[in-house]
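A short write-up of the structure that comes next.
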Amino acid sequence: MLEDKWLVWKFKHGSCNALQLIYEKYKNDLLALAIALSNDKKGAEDIVHDVFVAFAQLASKLQLRDSLKSYLSTSVANRARNSSRKKVKLSLDLDGVEIVAPASNQPDRLVMSREESQQVGSALAELPDQQREVIILHLQSGLKFKEIANAQHVSVNTIQSRYRYGLNKLRSILDGEVEK
Amino acid sequence: MNGAENIENLIKKFYATKRSSVTTSDEMDKKVLNDALAVYEKSNNSESANLQPNVWRIIMKNRITKLAVAAAIIIAAFIGINHFGGSIDGASVAWASLSERVGRIQTCFFKGHSKITGGRLGEKTQEQELEFYLSSECGFRFDTYMDGNVNMMQYVIPTEKAIVSVMPTHKKYMRMLLTDEMLREMLSKGADPRETVKQIMLGEYTHLGESVIDGVKVEGIETTDPRVGGGQFEKYLARCWVNAETQLPVQLEMEIENSEGPNMPPMKMAIILDNFEWDIDLDPEIFEPNIPSDYKMMAEMQMPDQDEGSAIQGLRVFAEIASGKYPQKLAVMDVMREITEAVKTNSEKEWQSQIISDPNFKPTQEEMEDIRNKTMPKMMAVQGTCMFYMELVKADKDAAYYGDKVTSEDVDAVLMRWKISDDEYRVIFGDLTAENVSAEQLEELEAAISE
């Protein structure tokens with residue numbers, strides 16, 4: 001957080017180096033977020049590209065309401081949302097997004113089998129866009145409900161409701177899979 | 001764990017698995033940066049996409065900014081200690097904190113004003129005027145004035161590898177010797193401007209927006225995070241106002257508060273640094289102490305290293321003075337106060353038999369001076385411990401100190417610890433042995449302290 005404030009300050013005052021550092025710091029997280037939201041790796045790269053070009057264009061005019069991470073993440077979410085409206089919704093078949101076999105040195109809590117991952121991925125794909133987006137922004141990107149609400153110009157209660165309904169639906173879908 | 005937490009953990013695990021395999025390609029990086037930088041340069045009306053001039057300008061100015069802001073921190077500690085020094089000439093102990101801060105700069109001059117209330121002063125106020133001279137070639141000089149008279153002049157002299165403190169009103173001076181490494185660090189620190197600014201900006205900063213100071217448009221930042229002061233102060237507020245055009249500081253403000261023990265109001269200090277002049281011609285003579293021949297040298301001491309060994313030595317020295325107890329806190333001002341009290345208590349014990357036989361007994365000036373001279377190296381040793389701890393705090397090493405609970409008799413208790421890797425801590429125990437322990441072991445050891 002501290003480093004981000006300094007990076008933003010330098011960025012607003014003409015530092016190309018700061019812009020580069022911001023990109024290096026957030027590029028992978030933002031790409032992962034864009035892929036999660038759009039289900040399309042190539043499209044996700046374009047989203048991240050557009051986000052950074054627009055960010056660079058703002059320069060000294062940039063005004064952050066929340067954190068830099070929140071700003072960039074919601075910029076990605078906005079573009080992913082616009083992009084998905086133009087496409088037929090695809091199921092999350094993870095094409096183009098390779099699932100890496102669990103590394104042997106990864107803690108168990110971070111390891112998920114391919115089968116389990118496909119089940120969860122399919123369940124997420126069945127959620128309404130708004131619910132899935134809130135879940136991804138909160139659980140993958142770590143944004144707070146208030147930050148998501150500010151970015152989407154809705155109330156915190158609305159965001160929390162979407163989140164709660166989304167989780168409930170996921171649970172019922174996955175419980176149904178287990179029963180099979 | 002309830003159902004909601006289960007599903008949340010499952011989703012987190014899902015995204016963590018996916019995230020671990022996602023990285024941008026070189027081709028993507030190149031395209032994004034090329035396009036973004038092109039737009040950025042155009043937006044800023046830059047003449048060239050070449051990084052060097054911007055970086056150079058930032059390096060030059062951030063080094064000076066770093067020095068100026070760091071100087072404010074030093075000054076606060078120095079003035080606080082000076083104020084606290086009391087009957088033992090505590091002013092000298094500020095050298096240790098000064099010496100580590102001087103970086104490589106061209107030249108700079110600025111003035112300051114400090115105001116102290118509370119502590120030993122009670123309701124009274126002590127005000128000092130300050131003047132600073134900085135030169136990359138000649139060193140550093142810091143003068144304090146009270147009621148128009150110079151109170152102390154401190155010099156960092158690279159050619160002598162020494163810090164000299166001169167007190168004209170007492171006609172005394174002291175010398176602190178530096179190792180090559182210390183001097184090198186002082187003169188070269190700041191090679192990476194981002195790193196040096198990070199060192200200053202340890203806590204969360206708030207952007208204050210724009211203002212005008214003396215007709216100059218400025219932007220300000222503020223922090224209240226005590227880590228910025230190395231954990232030396234209980235309450236801490238610092239503001240830095242920078243000329244938006246030149247990116248150089250125009251004014252630095254600090255407000256500090258520290259408790260001074262029972263039965264005393266907290267010590268409060270406010271400092272303003274302003275009148276900055278950059279890259280000016282400074283006569284090298286300014287940096288020569290030119291000590292008159294009738295001045296007496298109070299002491300010549302070696303600055304302690306800031307490493308684990310010196311930290312342990314400082315704790316050992318304190319325990320010897322304080323009957324096996326360690327400093328309650330590792331803030332320099334608090335430690336100086338504790339040492340003063342311990343030395344007074346020990347001296348009174350020594351003179352007890354004389355006091356009994358002669359109720360009017362008072363130690364002679366020579367005896368008092370002898371105590372001061374013997375105490376100062378001990379103060380320096382313990383100050384080394386404080387500075388080591390301060391660096392750990394500033395470097396966010398998850399440092400903790402339990403001197404208020406642990407004594408030299410608690411051989412297996414954790415006295416001090418800091419993080420050395422993801423799962424490992426370095427621990428100094430009550431008997432001043434040191435070991436590496438796992439995070440899990442530390443948790444058990446620290447639980448024992450609380451019991």
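The values are calculated or read from the model by the stated rules, or taken from the named source; none is laboratory data. The structure presented is a predicted model; accordingly, all values stated were derived computationally and were not measured. Note that we place each Cβ from the backbone using ideal geometry, even for glycine, and neighbour counts take in every protein chain shown. Each accessible area value is taken on the protein alone, full model and side chains, heavy atoms only, with ligands, DNA and RNA left out. Shrake-Rupley method; radii C 1.70, N 1.55, O 1.52, S 1.80 Å.
When residues in the stretch A:126-148 are screened for being away from chain B (no Cβ under 11 Å) and open to solvent by 20 Å² or more (accessible area, probe 1.4 Å), 9 of them pass. Of all residues in the stretch B:13-42, those being open to solvent by 70 Å² or more (accessible area, probe 1.4 Å), more than 7 Å from chain A (Cβ to nearest Cβ) and within 22 Å of A:Q57 (Cα to Cα) number 4.
Residues of the stretch A:26-82 that are in a helix (DSSP H, G or I) and charged (D, E, K, R): A:K27, A:D29, A:K41, A:K42, A:E45, A:D46, A:D50, A:K61, A:K69, A:R79, A:R81. So is B:A381 open to solvent by less than 30 Å² (accessible area, probe 1.4 Å), closer than 28 Å to B:S347 by Cβ and within 20 Å of the chain's Cα centre (by Cα) or not? So B:A381 passes the test. Just the residues that are modelled with pLDDT of 80 or more and in contact with an Asp or Glu (Cβ under 9 Å, 6 or more places away or on another chain), please, taken from the stretch B:253-264. Hits for the stretch B:253-264 are B:E253, B:I256, B:E257. Would you confirm whether or not the stretch B:378-395 contains a residue that is part of a loop (DSSP other than H, G, I, E, B) and at pLDDT 85 or above? Within the stretch B:378-395, not a single residue is part of a loop (DSSP other than H, G, I, E, B) and at pLDDT 85 or above.
Only one entry of A:V8, A:V76 meets the criterion of being among the β-branched types (V, I, T), open to solvent by 10 Å² or more (accessible area, probe 1.4 Å), in contact with a helix residue (DSSP H, G or I) (Cβ under 8 Å, 6 or more places away or on another chain) and more than 7 Å from chain B (Cβ to nearest Cβ), and that entry is A:V8. Looking across the stretch B:128-184 at every residue that is of a type in the set (G, A, S) and outside any strand (DSSP E or B), the one that is most open to solvent (accessible area, probe 1.4 Å) is identified as B:G148. May I ask you to list the residues in the stretch B:314-348 that are hydroxyl-bearing (S, T, Y) and surrounded by 20 or more Cβ atoms within 10 Å (Cβ to Cβ)? Answer for the stretch B:314-348, where residues must be hydroxyl-bearing (S, T, Y) and surrounded by 20 or more Cβ atoms within 10 Å (Cβ to Cβ): just B:Y326. Of the residues making up the stretch A:149-180, those that are of a type in the set (A, V, I, L, M) and open to solvent by 40 Å² or more (accessible area, probe 1.4 Å) number 3. Filtering the stretch A:37-46 for residues that are at the interface with chain B (Cβ under 7 Å from one of its Cβ atoms) and under 18 Å from A:L62 (Cα atoms) leaves an empty set.
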